[in-house]
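First the structure, then my questions, so here it is.
The values are calculated or read from the model by the stated rules, or taken from the named source; none is laboratory data. In this text, all values refer to a predicted model and were calculated from it rather than measured experimentally. Don't worry about glycine lacking a Cβ; one is built from the backbone with ideal geometry, like all the others, and counts go over all protein chains shown. Surface areas here come from the heavy atoms of the whole protein model, side chains and all, with no ligands, DNA or RNA. Shrake-Rupley method; radii C 1.70, N 1.55, O 1.52, S 1.80 Å.
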Amino acid sequence: MKKIFSFLVLILILAISSFFAYMYYVNSEVEKLEKQLFNLMQVHTPVKFKILEKKEGVLFLKVKYYDLDNNQITEKEYNIKGEELVFDFYIFAHKNKYFAFPYAIFTDKIAPKNAISIVNDYNSSGFPQIFSFQQINLKHFVFLSKKYEQLLRKKRTFGNDFGNSIHDVKELKQFEIDVVYKFIVHSKGGIEVVVD
């Protein structure tokens with residue numbers, strides 16, 4: 001009886017040790033992937049766009065989306081009434097890092113409430129593919145999927161999160177036809193648009 005009890009205790013100790021070793025491995029993997037994600041996000045370009053034509057008060061626009069490895073995800077074209085183009089981003093704060101989700105496009109003639117939603121343009125089975133990278137394990141980044149799901153359902157919540165709109169102004173400087181522009185997103189929350 002003593003031998004059986006000792007054997008069961010040994011099995012229990014091995015099981016507990018194995019569990020803690022596994023949890024340590026999983027946590028170190030998650031930390032490694034998060035570090036890689038945050039390093040790739042220091043400065044990244046999720047969106048490039050080009051105005052193809054301006055005709056009779058309508059902007060003809062091409063938009064391309066990129067993941068963190070700079071691979072093109074998808075390309076979309078839009079026709080939108082107006083002359084001053086605005087890209088709206090939703091900025092999500094997590095662990096002192098900021099994730100910029102391209103959210104909508106509107107103009108001086110289209111109110112933000114009637115904006116063209118672009119949040120689904122980089123959808124990969126419920127994950128925002130602009131935050132994908134080669135080594136990613138999606139199950140470790142559920143916080144991004146959850147926030148993205150809210151945005152897809154148009155349930156924006158603020159708090160530490162905020163919006164950021166980037167636009168041109170006719171009287172100052174406008175985006176030029178056939179020039180490729182890119183949005184550079186900084187992990188501290190800033191967004192700038194530059195010529196590619």
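Which GluC sites (Glu not before Pro) in segment 106-196 pass both tests, a DSSP loop state and at most 15 other beta-carbon atoms within 10 Å?
E171, E176
Hey, another quick one. Taking the Cα-to-Cβ direction at V142 and at N120 and moving 7 Å from each Cα, how far apart do the two end points lie in nm?
2.6 nm
Where the convex hull is taken over the Cα atoms of segment 45-168, what is its projected area averaged over directions, in nm²?
7.8 nm²
Could you pull out the pairs from K55/K81; K76/K113; K81/K109; K95/K182; K62/K182; K50/K97 whose alpha carbons sit more than 18 Å apart here? Write down the numbers at each step before the final one.
On the way: K55/K81 9 Å; K76/K113 21 Å; K81/K109 6 Å; K95/K182 26 Å; K62/K182 12 Å; K50/K97 28 Å.
Listed pairs above 18 Å: K76/K113; K95/K182; K50/K97.
Hey, what's segment 51-183 come to in accessible area per residue, 1.4 Å probe, Å²?
53 Å²
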